[in-house]
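Asks: Before I ask anything, here is the structure I am working with.
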Amino acid sequence: MENNSPLLAIVVPCYNEEEVLPETIKQLSCCLNDLVNDQLIHMDSKILFVDDGSRDHTWSIIARESIRNPLVTGIKLTRNVGHQNALLAGYLVAKEKCDCAISIDCDLQDDISVIRNFIEKYHQGYEIVYGVRDSRETDTWFKRTTALSFYRLMKKMGIHLVHNHADFRLLGKRALEELAKYEENNLFLRGIIPLLGFKATEVYYDRKERFAGKTKYPLKKMLSFAINGITSFSMMPIRIITFLGFVLFFISIFAGSYALIQKVLGFTSAGWTSLMISIWFIGGLQLVAIGIIGEYIGKIFMEVKKRPKFAIDIDLYTKPMLGKQSIKDELMVNLKHKKEG
């Protein structure tokens, strides 16, 4: 049965994760071994770590572990390209060899034990399996409130998202190949995956506290992520501006008519306060409108250049011999520098 079992790649984006990485490798390796022993996945299944231009020892840990542990492999990007692009890089590399891929963050907040449920759902014929949080009790009040507001806003904007789902999911081979056809630079995978249209289901789990290290998504990045999601999938902000423009146009007609009548009747009087309020209000609205339109124009600017979203420095997954030779060369250089020092 083993040869008929799907070959799995667990894609793990990493950015400065040296504190948590050894424990992540340990737990994912145990999970993978259990699945192989139960003949749910192929024995050649791998944990594919994606080093997103880390500045600490993340890649050194991945490289050393790939030599010791046959379950561990990785790719090293030439620079930091962001979580979504790093995740996409992992998907695109994984699809060359695997039958299905599961993406999970390195911080061990997602429940590794439900990976078994993902695989069981895949065996039942589901091409996409979403990991969905059962509750947000581990979040702060602020994060819980903003997350809920984000999903409500996206729904009103006409964007279909799986509620309380981040990037913990399984994608089958066909879904991965279809995802590769999406070439936009303004990447928002949570919005793209539902567009693939394959048979999908959800698996619920409780999210844990971060095992070690610091979050890579502070408030600034979360806001940027939300804006990117809205402007990548919805024209609603532009339509709201158009609607406000028409409303203000009709208001100005009534205000102009009123002012003209007052002038004809001779009832005009100084109205400095109302005039200043009107100027500030209209001016502020115009700046907001220009900013929103500029956001869309900026996205067009980035898209038409068609720059590559990432570049791979070392690939231990699809080119293991070349990758391991690069690691050996790097280790030799480091050893030489130590001796000279």
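The values are calculated or read from the model by the stated rules, or taken from the named source; none is laboratory data. No experiment lies behind these values; they were computed from the predicted model shown. All Cβ positions, even for glycine, are placed from backbone atoms using ideal geometry, and neighbour counts span all protein chains on display. Protein only, heavy atoms only, side chains kept; ligands, DNA and RNA dropped before computing areas. Shrake-Rupley method; radii C 1.70, N 1.55, O 1.52, S 1.80 Å.
Asks: So, Lys143, is that one at pLDDT below 90 and basic (Lys, Arg) or not?
Replies: Working: at pLDDT below 90: yes; basic (Lys, Arg): yes.
In short, yes.
Asks: Let me ask something additional. Say we look at the stretch 50-70 and pick out the residues that are outside any strand (DSSP E or B) and of a type in the set (Val, Ile, Thr); which of these is modelled with the lowest pLDDT? First the steps, then the outcome.
Replies: Kept after step one, since they are outside any strand (DSSP E or B), are these residues of the stretch 50-70: 52-70.
Subset that is of a type in the set (Val, Ile, Thr): 58, 61-62, 67.
Values: Thr58: 94, Ile61: 93, Ile62: 94, Ile67: 88.
By that ranking, first place goes to Ile67.
Asks: While we're here: Open to solvent by 10 Å² or more (accessible area, probe 1.4 Å), under 14 Å from Leu8 (Cβ atoms) and not in a helix (DSSP H, G or I), is that true of Lys76?
Replies: Criteria not met by Lys76.
Asks: Filtering the stretch 21-54 down to residues that are over 24 Å from Leu176 (Cβ atoms) and buried (at least 20 other Cβ atoms within 10 Å of the Cβ), which residue is farthest from the chain's Cα centre (by Cα)?
Replies: This residue is Leu21.
Asks: OK, next. In the set Ile119, Ile115, Ile192, which member is among the β-branched types (Val, Ile, Thr) and more than 19 Å from Leu35 (Cα to Cα)? Break it down stepwise before answering.
Replies: Values: Ile119 fails: more than 19 Å from Leu35 (Cα to Cα); Ile115 fails: more than 19 Å from Leu35 (Cα to Cα).
Exactly one of Ile119, Ile115, Ile192 is among the β-branched types (Val, Ile, Thr) and more than 19 Å from Leu35 (Cα to Cα), namely Ile192.
Asks: Across the stretch 146-204, what is the number of residues that are of a type in the set (Ser, Thr, Tyr), part of a helix (DSSP H, G or I) and either open to solvent by less than 30 Å² (accessible area, probe 1.4 Å) or in contact (Cβ under 8 Å) with a residue 12 or more places away in the chain (or both)? Lay out the reasoning, then the answer.
Replies: We begin by selecting, within the stretch 146-204, every residue of a type in the set (Ser, Thr, Tyr); these are 146, 149, 151, 182, 201, 204.
Narrowing the set further to residues that are part of a helix (DSSP H, G or I) leaves 146, 149, 151.
From the residues that got through so far, the ones that are either open to solvent by less than 30 Å² (accessible area, probe 1.4 Å) or in contact (Cβ under 8 Å) with a residue 12 or more places away in the chain (or both) too are 146, 151.
Going through the stretch 146-204 one residue at a time, the tally reaches 2.
Asks: Please enumerate the residues belonging to the stretch 1-20 that are surrounded by 17 or more Cβ atoms within 10 Å (Cβ to Cβ) and of a type in the set (A, V, I, L, M, F, W, C).
Replies: Residues satisfying the conditions are Leu7, Leu8, Ala9, Ile10, Val11, Val12, Cys14, Val20.
Asks: Still on this structure, I have one more. Looking at the stretch 1-43, which of its residues are polar (S, T, N, Q) and either without any contact (Cβ under 8 Å) to a residue 60 or more places away in the chain or assigned to a loop (DSSP other than H, G, I, E, B) (or both)? Reasoning before the result, please.
Replies: Taking the stretch 1-43 as the starting set, the residues that turn out to be polar (S, T, N, Q) are 3-5, 16, 24, 27, 29, 33, 37, 39.
Those that are polar (S, T, N, Q) and either without any contact (Cβ under 8 Å) to a residue 60 or more places away in the chain or assigned to a loop (DSSP other than H, G, I, E, B) (or both): Asn3, Asn4, Ser5, Asn16, Ser29, Asn33, Asn37, Gln39.
Asks: Still on this model: For the stretch 79-131, name all the residues that are in a strand (DSSP E or B) and either open to solvent by 10 Å² or more (accessible area, probe 1.4 Å) or over 27 Å from Asp313 (Cβ atoms) (or both).
Replies: Filtering the stretch 79-131 for residues in a strand (DSSP E or B) gives 100-103, 128-131.
Correct list: Ile128, Val129, Tyr130, Gly131.
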